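As structure tokens, the structure follows; a few thoughts come after it.
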Amino acid sequence: MTPEALKEAFTSADAVFPTVTDRIDAEVLSAEPLRARLIGNFGVGFNNIDVEAAKARDLVVTNTPDVLTDATADLAMTLLLSVARRSGEGERHVRSGSWTGWRPTHMMGTQVTGKVLGLIGFGRIGQAMARRARWGFDMQILFFDPYPPGDDVLRDLGAEARGSIEAVLEASDFVSLHCPATPENRHLISAERLRQMKSGAFLINTARGDVVDESALNDALEKKVIAGAGLDVFEQEPSVLPGLLDRENVVLLPHLGSATRETRVAMGLKVLENAKAFFDGAEPPNRVA
Ligand code: DGY
């Protein structure tokens, strides 16, 4: 929605349910006379909302955790497998009619089974990704998270904590990002951090676009600093850096993390569950502000 349409919504409705593309900033929240009392975000990530500005206007903010964990982890694994096994490139090859037949060295990719997966962020989605990688692909799991889960979770997944992002980057064959898009995490994956990755490693991002410095990533791919990337999110969605569009060693998806019918229905129901609780005078189960 346009900022004007969003402002109008805040003056005419009791609750506003934005999606990831609706930027609820201080300007939108300056709408007068303010009628809305609730922002029920249709998504778990709520970096589209200026939470401080919402609090300043006594608005309650909710999100939709849990219900999209599996769908998002499935998509992170899809990207990991696709970029390692060159499936996007292979599909384009077949569709363009360029395929001339099986050859021993044709389009060789990178083995996934048994490799090291490094997770930056080990919350719900990071752990779900670890389960797939550990139990489906016998991968060794390393992670960095300032708020690690309990020892039972680590034991279960054979996951090992590292004390810094750098320590994860330098030891991993695949790095998957599962951290929130806070101001501190903007360009967390910078040119310098990309250089700390192995030259044969792959970066997977299903978190938020601005966690990665997209132009530094494009440069790193150009100079073969890393082997490839699988991206579902971008700094300026729906725009994608032109350099990335031309690269065969990048798999690009249009922010599909939670895009299954089952998950999107569950997200909608969660938005409504929170709104019902709020308007019934109870604490919404997924209140974030
Ligand atoms: C989320 O919920 O944060 C997703 O990125 C939107 O599908």
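The values are calculated or read from the model by the stated rules, or taken from the named source; none is laboratory data. Note that the structure is a prediction, hence the values are computed from the model and not measured. With ideal geometry, Cβ positions are generated from the backbone for all residues, glycine too; neighbour counts draw on all protein chains shown. Surface areas here come from the heavy atoms of the whole protein model, side chains and all, with no ligands, DNA or RNA. Shrake-Rupley method; radii C 1.70, N 1.55, O 1.52, S 1.80 Å.
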message: Using the Karplus curve 6.51 cos²θ - 1.76 cosθ + 1.60 with θ = phi - 60°, what ³J(HN,Hα) values do you get for each residue of the range 244-260, in whole Hz, with x for Gly and Pro?
response: 5, 4, 8, 8, 6, 8, 10, 9, 10, 10, x, 6, 9, x, 9, 7, 10
message: Net charge within 14 Å of residue 272 by Cβ-Cβ distance, Lys/Arg positive one each and Asp/Glu negative one each, not counting residue 272 itself?
response: 0
- prompt: Does the range 7-165 come out rounded, prolate or oblate, given a ≥ b ≥ c as the square roots of the eigenvalues of its C-alpha gyration tensor, rounded meaning a/c under 1.5 and, failing that, prolate meaning a/b above b/c?
  reply: oblate
message: With the cut-off at 1.5 for a/c, could you classify the chain from its C-alpha gyration tensor as rounded, prolate or oblate?
response: prolate
statement: Between residue 228 and residues 5 or more places away or on another chain, the pairs with built amide H atoms under 5 Å apart involve 203
- request: Using just the helices of the chain, give the 222 nm mean residue ellipticity in deg cm²/dmol: DSSP H runs with n ≥ 4 each add -39,500 (n - 2.57), and the total is spread over all residues, rounded to 500.
  value: -10000 deg cm²/dmol
- request: Report ³J(HN,Hα) in whole Hz for each residue of the range 29-41, in order, from the Karplus equation J = 6.51 cos²θ - 1.76 cosθ + 1.60 where θ = phi - 60°; Gly and Pro get x.
  value: 6, 8, 3, 10, x, 6, 9, 5, 10, 9, 10, x, 5
query: Net charge near residue 66, counting Lys/Arg +1 and Asp/Glu -1 over other residues with Cβ under 10 Å of its Cβ?
result: +1
- line: Phi-derived 3J(HN,Hα) across the range 86-93 with the Karplus relation (6.51, -1.76, 1.60, θ = phi - 60°), rounded Hz, x for Gly and Pro, is 6, 6, x, 4, x, 5, 4, 4
message: Relative contact order of the range 81-174, please, whole-number percent, based on alpha carbon pairs below 8 angstrom and at least 6 residues apart.
response: 27 percent
message: How high is the relative contact order of the chain? Use alpha-carbon pairs under 8 Å, at least six apart in sequence, and give a whole percent.
response: 19 percent
Tensor-based shape of the range 137-277 (alpha-carbon gyration tensor, a/c under 1.5 rounded, otherwise prolate or oblate): oblate
task: Report the label-to-label distance for residue 190 and residue 151 in nanometres (one decimal), using points 7 Å from each Cα along the Cα→Cβ vector.
output: 3.6 nm
task: With springs only between Cα atoms under 10 Å apart, run a GNM on the chain and tell me which of 60, 94, 250 wobbles the most.
output: 94
Net charge of Cβ neighbours under 13 Å - reference residue 180; Lys, Arg +1; Asp, Glu -1: 0
Residue 105 accessible area, assembled protein chains, probe 1.4 Å, Å²: 100 Å²
task: Would you kindly find the accessible area of residue 226, with a 1.4 Å probe and non-protein molecules such as ligands, DNA and RNA excluded, rounding to the nearest 10 Å²?
output: 0 Å²
